[in-house]
Every structure is written in C-alpha cells, then in structure tokens.
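Written below as structure tokens is the structure these notes are about.
The values are calculated or read from the model by the stated rules, or taken from the named source; none is laboratory data. Note that the structure is a prediction, hence the values are computed from the model and not measured. Positions of Cβ are backbone-derived with ideal geometry, glycine not excepted, and every protein chain shown enters the neighbour counts.
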Amino acid sequence: MNKVVIIGRLTKDPELKYTPGNGTAVTQITVAVERRFKKDGHQEADFIPVVIWGKAAESTAQYTEKGRLIGISGRIQTRSYEAKDGGKRYVTELVAEEVKFLEFAKKSADASYTSGEEYGASYEDMTPIDDGDIPF
C-alpha cells in the first residue's frame with residue numbers, strides 16, 4: 001500500500017506548466033509540513049516536493065499562493081534522471097491524487113489574493129434550511 005496524506009503550507013507560489021505534445025497541465029510545489037514535536041523549543045518542518053497533474057494542477061495554480069494551507073493525499077514516487085553535469089540524480093516526491101484547499105483564496109483583478117469574507121461572503125448572508133425531512 002502506498003498512500004500518503006499531508007497538511008501544510010506552500011513554500012512558494014505554484015507555477016503551472018504544460019507537457020510538450022499533449023499539453024497536460026502539471027504543477028510542482030513544495031509543502032512545509034510541521035513536525036509533531038518541537039526540538040529545543042523550536043518547531044521543525046519537513047519540506048515535501050509534490051507533483052499535481054491535470055485540472056487539479058490548474059486549480060492549485062489559480063487559487064493558491066505561498067503560505068496558504070493545503071491538504072494533499074497521494075502516493076510516494078521515486079525516479080532518477082541524468083543531470084547536465086553527467087551525474088545521476090534521484091528524486092522522491094508525492095504525486096497528488098486529491099488536493100484540498102484549506103485556506104481558500106480567490107484571485108482578484110489585480111492578481112493579489114483575497115479571502116471569501118473580503119468579497120462579502122459571510123454566514124449572516126446564508127439562508128438556513130430545514131433539514132428535518134432528510135431520511136439519513
């Protein structure tokens with residue numbers, strides 16, 4: 001079984017790219033995941049490289065930014081490649097299968113991000129419903 005779930009913050013703004021040929025969307029991000037225990041009174045974090053494909057890659061690039069909280073589930077994948085200096089490089093990364101925006105943001109016209117509440121969305125504007133007839 002190869003299943004990983006992480007919650008953390010983006011270390012930089014996501015960059016959306018498209019593969020040559022078929023043009024599949026891909027976004028590579030790094031997520032800082034805080035460790036459960038502190039060392040010498042300081043919080044430590046692990047920096048997990050994540051690859052996101054398809055529509056999720058496009059949404060991640062559009063609706064998140066550096067510092068935003070994100071949840072990702074997926075699988076660990078290892079690969080290697082030949083570097084420009086002739087050496088072989090090994091990479092271990094999380095390939096996302098599901099992405100959840102835990103701090104939702106919406107891009108405004110000036111390319112900065114604002115939360116939904118800043119757009120006027122609030123709980124006071126919502127209409128309560130009577131769910132007494134729902135059978136479950």
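For residue 84, state whether it is loosely packed, with under 12 Cβ neighbours inside 10 Å and modelled with pLDDT of 95 or more.
On the way: loosely packed, with under 12 Cβ neighbours inside 10 Å: yes; modelled with pLDDT of 95 or more: no.
Here the answer is no, as residue 84 does not meet what is asked.
Give the residues of segment 18-49 that are in contact with an Asp or Glu (Cβ under 9 Å, 6 or more places away or on another chain) and free of Cβ contacts under 8 Å to residues at least 12 places away in the same chain, sorted by residue number.
35, 37, 38, 43, 44, listed by residue number.
Within segment 67-100, which residues are among the small types (Gly, Ala, Ser) and in contact with a strand residue (DSSP E or B) (Cβ under 7 Å, 6 or more places away or on another chain)?
At the first step, the residues of segment 67-100 found to be among the small types (Gly, Ala, Ser) are 67, 71, 73-74, 80, 83, 86-87, 96.
Passing the criteria: 67, 71, 73, 74, 80, 83, 96.
Considering only segment 32-47, state which residues are among the charged types (D, E, K, R) and either modelled with pLDDT under 90 or more than 15 Å from residue 67 (Cβ to Cβ) (or both). Before the answer, list the steps.
Taking segment 32-47 first, the residues among the charged types (D, E, K, R) are 34-36, 38-40, 44, 46.
Of everything in segment 32-47, those that are among the charged types (D, E, K, R) and either modelled with pLDDT under 90 or more than 15 Å from residue 67 (Cβ to Cβ) (or both) turn out to be 35, 36, 38, 39, 40, 44, 46.
Give segment 36-90 a look and list any residue that's touching a Pro at 6+ places or on another chain (Cβ under 7 Å) and not small (Gly, Ala, Ser), or say none. Show your work before the answer.
Looking only at segment 36-90, we keep the residues that are touching a Pro at 6+ places or on another chain (Cβ under 7 Å), and these are 60-61, 64.
The answer is 60, 64.
Please work out which one of (1) surrounded by 15 or more Cβ atoms within 10 Å (Cβ to Cβ); (2) in contact with a helix residue (DSSP H, G or I) (Cβ under 7 Å, 6 or more places away or on another chain); (3) of a type in the set (Ser, Thr, Tyr) is the condition residue 24 fails and give its number.
The single condition residue 24 does not satisfy is (1).
Would you check which residues across segment 1-17 are touching a strand residue (DSSP E or B) at 6+ places or on another chain (Cβ under 6 Å) and without any contact (Cβ under 8 Å) to a residue 40 or more places away in the chain and list them?
Passing the criteria: only 17.
Return yes when residue 32 is crowded, with 17+ Cβ neighbours inside 10 Å and in contact with a strand residue (DSSP E or B) (Cβ under 9 Å, 6 or more places away or on another chain) and no when it is not.
Values: crowded, with 17+ Cβ neighbours inside 10 Å: no; in contact with a strand residue (DSSP E or B) (Cβ under 9 Å, 6 or more places away or on another chain): yes.
Against the criterion (crowded, with 17+ Cβ neighbours inside 10 Å and in contact with a strand residue (DSSP E or B) (Cβ under 9 Å, 6 or more places away or on another chain)), residue 32 does not qualify.
Is at least one residue of segment 50-61 over 20 Å from residue 11 (Cα atoms) and surrounded by 12 or more Cβ atoms within 10 Å (Cβ to Cβ)? Walk me through how you get there before you give the answer.
Keep residues of segment 50-61 that are over 20 Å from residue 11 (Cα atoms), which gives 54-55.
Subsequent filtering for residues that are surrounded by 12 or more Cβ atoms within 10 Å (Cβ to Cβ) retains 54.
The answer is yes, given that some residue of segment 50-61 is over 20 Å from residue 11 (Cα atoms) and surrounded by 12 or more Cβ atoms within 10 Å (Cβ to Cβ).
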